[in-house]
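Here is the structure we will look at, set down as structure tokens.
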Amino acid sequence: MEQTDFLRQLYKECNLSESDVFIMKMGGKNIPIVTRSGIEKIQAAKDIPVVFDPIVVTPEFVVIKAIGQLGDVTVETFGEASPQNTKQKYPVAMAEKRALSRVVLKLTGIYQHGYLGEDELDTSEEIDVSVLLRMLETSTYDDEQRVDASLRIQNIETQEEYKQWFDRLNINQLDHSEQPGSRMSQTDVKNKLREQGL
């Protein structure tokens, strides 16, 4: 089965939507990333039972083994978490999510098509909220919206959240001629957003 047919069938069988997969630039390549919700939809649709076994649990390093089965095929894989590969405050939960993601993607053959699970990403470096905060400064948001957005941005924990905020702020950027110092009226902002189809 060709990649396109395989993925089309998977999307249909597992009721996946656009929000369950996003593209991330890594090493100069566009890599499709399956979100946490996408992994769970696939697991449920394919009826994949998974058993977890903690292998190492220390404050510095956690390894969780996941054993999953799909039909006659059984896969055993691992998820790990440490301060070197995640900013998450709950390393056991992160290791479990990574193990689940890997076992589901291996059993369904999605890895063969170049996909990765969102939870597998090294979040210790990938999420740079300073980029979003700089974008927020030049956005069309009013002061109250900026305060609220700033608090939310500083609590981002997943690539999906980062991407959503990046896209949202990218759409709401002022033109260079409209940078802070040259205020736009509410009507001008609404007209600008309407021009952008928002």
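Within the stretch 79-105, being of a type in the set (D, E, K, R), touching a Ser or Thr at 6+ places or on another chain (Cβ under 7 Å) and surrounded by 18 or more Cβ atoms within 10 Å (Cβ to Cβ) holds for one residue alone: Arg102. Find the residue count for the stretch 35-64, including only residues that are in contact with a strand residue (DSSP E or B) (Cβ under 8 Å, 6 or more places away or on another chain) and buried (at least 18 other Cβ atoms within 10 Å of the Cβ). Residues meeting the conditions: 9. Just one of the numbered conditions (1) assigned to a helix (DSSP H, G or I); (2) among the hydrophobic types (A, V, I, L, M, F, W, C); (3) within 24 Å of Met26 (Cα to Cα) is not true of Ala149: (3).
Just so you know, all these numbers are worked out from the coordinates, no wet-lab data involved. Please read all numbers here as calculations on a predicted model, not as lab measurements. A quick note on method: Cβ atoms are made from the backbone with ideal geometry, for glycine too, and the neighbour counts reach across all protein chains shown.
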